[in-house]
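A short write-up of the structure that comes next.
The values are calculated or read from the model by the stated rules, or taken from the named source; none is laboratory data. Values in this document were obtained by computation on a predicted structure and should not be read as measured data. Neighbour counts run over all protein chains shown; Cβ positions are idealised from the backbone, glycine included.
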Amino acid sequence: MEHVATALSRVSGWRAGALLAIVGVAVLLVPVAFGSFAQYLVLNVLLLALFALSFNLLFGMTGLLSFGQAAFYAGGAYVAGMLLRAGMPVFPSVLVGALAGAAMAVVVGAFCVRHTRIYFSMLTLAFGMFAYAIVWKWTDVTGGDDGLIGIPRGRLGLLGPLDPSLAPLSRYYVFATVLVFLSVAVLHRLAVSPFGLTLRAIRENAERAEFSGIGVRRTIFIAFVVAGFFAGLAGALLAPLEQTVAPTAAHWTKSAEPVMATLIGGPLVFAGPIVGAAVYLGLKEIIVRFTEYWLLVFGLVLLATVLAFRGGLLGALSRVVRNA
Amino acid sequence: MGRALLFQGLVGITEAMYLWLVAAGLSLIFGVMRVLNFAHGSLYMLGAYLTYAVFRLVGGDFWIALAIGPLLVAAVGWVLEVGFLRRVYRVEEAFQLLLTFAFVLIFDDLVKLVFGPLYQSPPTPKGLSGAVVIAGSIFPAYHLFILGVGAAVGLGLWYFLERTRFGLLIRATAADREMARALGVRASRLFTWVFVLGAWLAGLGGALSIPVRSISPGMGELIIIEAFVVVVLGGLGSLRGAFLGAVVIGLLHAYGLLYLPVFELALAYVGMAVVLIIRPQGLFGVREG
């Protein structure tokens, strides 16, 4: 499996940078060329891509399968939603939302990183549902099963007197897109940094990593908090887009979305979760038109992936490229 | 006051028995195979649906349905292990988890497809529809029956694992897989039977639940998450721990409903967090390497 990743990294280099620039310009041009539905759809893909990339920092890079990332996603969404409703501008609300995700990850991470991988999966799921139980029951603050409704999308809150209003979707689209691209750049930088290599060393053999002087728990903890921050950011960016936050944002089915996206795209390639997010949401958009049983379809897709395509789409693609 | 406490305690322990049946299978499978079965809650759900289907097929005889339903779930377990799980023993454990997770999604929608999305609720079986008076309160006879079954399964498992030859092989494989293999234990066949036994236990839990808890497509997820909390509390792989953990969670729920209704849902998780701080490996768990 590792040589799949190395093969693809050989293909990348400056070409990856060029590709990223082209995709970036194309995505930014969407509001000019298409209507609001396309913007809405692309933003959803971008937010899931960011969410999945943060998940893959733990899964593909470190070998830890979290089933509770929705807790941080929902934390970001609810905190940002509450601040926006209290009249705070968009940028600081989103930032504080992301920080709330990180803060929650500090608490949950303190419990989860001490254990073996199996315990990690179980504990993240349990803590995720703990967050869901709180959101569901703490009606005074979270709105219970109604969620937060009527979230305003007001000023940007970054440029002082020049501050634009983000009420039109096309402006919010640009704002959110820029934030997502910056985050992707940071996550990519992190993936190729010594820190990223350390995570991979832990994935391959945690015991050996420990012996070579790596503080395994501390490193995993940092990765967990960073993942919480970006999951929180993805959630925080959703609140002004949807203008409502529902408790389903904290449910385990939400935690399953980055899992699906990452596996479809390929966990061992950096861009895997991005491609996977687009394919996942595209497939879902099509499947729900034919049947309400889309979970069954995705269950079968996941089954096939686990049995035969553990490298995901990009893993398969890189194998084709290498053999050509 | 004291009576209410005692009564609510009995209710809590009764509810704990369903959880115990699921957690027992989950823990047994993990202890021997080192696989965490996410789909174990789905097997519980299948137990409920399949038993209900048999119940209607045989004209409303609960006892026949109770005998056949869990066996059907055991058969599903056999297909899962032989057909799918066996293929991923050699890859990273995350993919084993993901495989069982795929079946959570598949089974959830399959029961909706076959049985419809509605809640179903068959009647209490004849002969157990009455009630007894305990501590001045009326206690359904069916609850007593559940307590009896839970205890019987506990004793049966103990006897099976500690006193039979097959149980000895299971314990040996759980303790040291390589050594057991080297001594001639056919581990792959043993794995299949352990998985089938675990599936049967979950199916039995689901089958027993149908007269008192309504059947719905989401019931599997609810119980698997609680079962995870239970095995974290008791120590993954330990049957004693699973039993004690289930009772603790059952009591927390029962008394939580009585005294802290708003936080009732969260209490189990708080309990889990407390145990993790004091004893990370769980009450009866072995410290991880």
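Could you identify the single residue in B:Ser216, B:Ser238, B:Ser209 that is polar (S, T, N, Q), under 17 Å from the mean Cα position of the chain (by Cα) and more than 22 Å from B:Met45 (Cα to Cα)?
B:Ser238
Can you pull out the residues in the stretch B:31-57 that are part of a helix (DSSP H, G or I) and closer than 16 Å to A:Phe67 by Cβ?
B:His40, B:Gly41, B:Ser42
Please work out if B:Leu57 is of a type outside the set (D, E, K, R) and free of Cβ contacts under 8 Å to residues at least 12 places away in the same chain.
Spelling it out, B:Leu57 is indeed of a type outside the set (D, E, K, R) and free of Cβ contacts under 8 Å to residues at least 12 places away in the same chain.
So, in the stretch A:123-138, exactly how many residues are at pLDDT below 85 and either more than 9 Å from chain B (Cβ to nearest Cβ) or crowded, with 20+ Cβ neighbours inside 10 Å (or both)?
Summing the residues that are at pLDDT below 85 and either more than 9 Å from chain B (Cβ to nearest Cβ) or crowded, with 20+ Cβ neighbours inside 10 Å (or both) in the stretch A:123-138 gives 0.
For the stretch A:299-324, give me the residue count where each residue is away from every other protein chain (no Cβ under 14 Å), of a type in the set (A, V, I, L, M) and more than 22 Å from the chain's Cα centre (by Cα).
5
Consider the stretch A:174-207. How many of its residues are under 22 Å from A:Leu41 (Cα atoms) and either at pLDDT below 90 or hydrophobic (A, V, I, L, M, F, W, C) (or both)?
Within the stretch A:174-207, residues that are under 22 Å from A:Leu41 (Cα atoms) and either at pLDDT below 90 or hydrophobic (A, V, I, L, M, F, W, C) (or both) number 10.
Residues being assigned to a helix (DSSP H, G or I) and in contact with a Ser or Thr (Cβ under 7 Å, 6 or more places away or on another chain): count how many of those fall in the stretch B:184-201.
Of the residues in the stretch B:184-201, 2 are assigned to a helix (DSSP H, G or I) and in contact with a Ser or Thr (Cβ under 7 Å, 6 or more places away or on another chain).
Quick test of your reading of the structure: A:Gly97 fulfils all but one of (1) within 23 Å of B:Gly285 (Cα to Cα); (2) under 16 Å from the mean Cα position of the chain (by Cα). Name the failing condition by number.
Answer for A:Gly97: the failing condition is (1).
Given the conditions (1) modelled with pLDDT under 90; (2) over 21 Å from B:Ala53 (Cα atoms), report the number of the one that B:Val230 does not fulfil.
(1)
From the list B:Ile106, B:Ile134, B:Ile138, pick out the single residue that is of a type outside the set (Gly, Ala, Ser) and within 8 Å of chain A (Cβ to nearest Cβ).
B:Ile106
Is there a residue being in contact with an Asp or Glu (Cβ under 8 Å, 6 or more places away or on another chain) and on the phi > 0 side of the Ramachandran plot anywhere in the stretch B:29-38?
Yes, the stretch B:29-38 contains at least one residue that is in contact with an Asp or Glu (Cβ under 8 Å, 6 or more places away or on another chain) and on the phi > 0 side of the Ramachandran plot.
Find the residue count for the stretch A:105-114, including only residues that are more than 7 Å from chain B (Cβ to nearest Cβ) and either touching a Cys at 6+ places or on another chain (Cβ under 8 Å) or farther than 13 Å from A:Gly75 by Cα (or both).
Within the stretch A:105-114, residues that are more than 7 Å from chain B (Cβ to nearest Cβ) and either touching a Cys at 6+ places or on another chain (Cβ under 8 Å) or farther than 13 Å from A:Gly75 by Cα (or both) number 4.
Check whether at least one residue in the stretch B:242-264 is within 16 Å of the chain's Cα centre (by Cα), of a type in the set (Asp, Glu) and within 12 Å of chain A (Cβ to nearest Cβ), and report yes or no.
no
Consider A:Leu303 against the criteria (1) closer than 29 Å to B:Arg86 by Cβ; (2) modelled with pLDDT of 90 or more; (3) of a type in the set (A, V, I, L, M); (4) surrounded by 21 or more Cβ atoms within 10 Å (Cβ to Cβ): it satisfies all of them except one. Which criterion is unmet?
(4)
If I filter the stretch B:230-243 for residues that are among the β-branched types (Val, Ile, Thr), closer than 27 Å to B:Tyr142 by Cβ and touching a Leu at 6+ places or on another chain (Cβ under 8 Å), do I get at least one hit?
Yes, the stretch B:230-243 contains at least one residue that is among the β-branched types (Val, Ile, Thr), closer than 27 Å to B:Tyr142 by Cβ and touching a Leu at 6+ places or on another chain (Cβ under 8 Å).
Checking A:Leu158 against (1) within 11 Å of another protein chain (Cβ to nearest Cβ); (2) closer than 17 Å to A:Ala236 by Cβ; (3) assigned to a loop (DSSP other than H, G, I, E, B), which single condition isn't satisfied?
(1)
Yes or no: the stretch A:276-298 includes at least one residue that is over 16 Å from A:Val45 (Cα atoms), away from every other protein chain (no Cβ under 14 Å) and aliphatic (A, V, I, L, M).
no
Please work out if B:Gly83 is surrounded by 15 or more Cβ atoms within 10 Å (Cβ to Cβ) and assigned to a helix (DSSP H, G or I).
Judged against the criteria, B:Gly83 is not a match.
For the stretch B:125-175, enumerate the residues that are part of a helix (DSSP H, G or I) and of a type in the set (Phe, Trp, Tyr).
Correct list: B:Tyr142, B:Phe145, B:Trp158, B:Tyr159, B:Phe160, B:Phe166.
For the stretch B:216-240, give me each residue that is surrounded by 21 or more Cβ atoms within 10 Å (Cβ to Cβ) and small (Gly, Ala, Ser).
B:Gly220, B:Ala227, B:Gly234, B:Gly235, B:Gly237, B:Ser238
Hey, any hits in the stretch B:70-77 for a residue that's part of a helix (DSSP H, G or I), facing chain A (nearest Cβ under 10 Å) and not charged (D, E, K, R)?
no
Read through the list (1) assigned to a helix (DSSP H, G or I); (2) away from every other protein chain (no Cβ under 14 Å); (3) surrounded by fewer than 24 Cβ atoms within 10 Å (Cβ to Cβ), then give the number of the only condition that B:Arg213 fails.
(1)
How many of the residues in the stretch A:217-258 are within 14 Å of chain B (Cβ to nearest Cβ), under 24 Å from A:Phe195 (Cβ atoms) and surrounded by 24 or more Cβ atoms within 10 Å (Cβ to Cβ)?
Number satisfying all stated conditions: 1.
Being under 23 Å from B:Ala75 (Cβ atoms), surrounded by fewer than 18 Cβ atoms within 10 Å (Cβ to Cβ) and modelled with pLDDT of 90 or more, is that true of even one residue in the stretch B:169-192?
no
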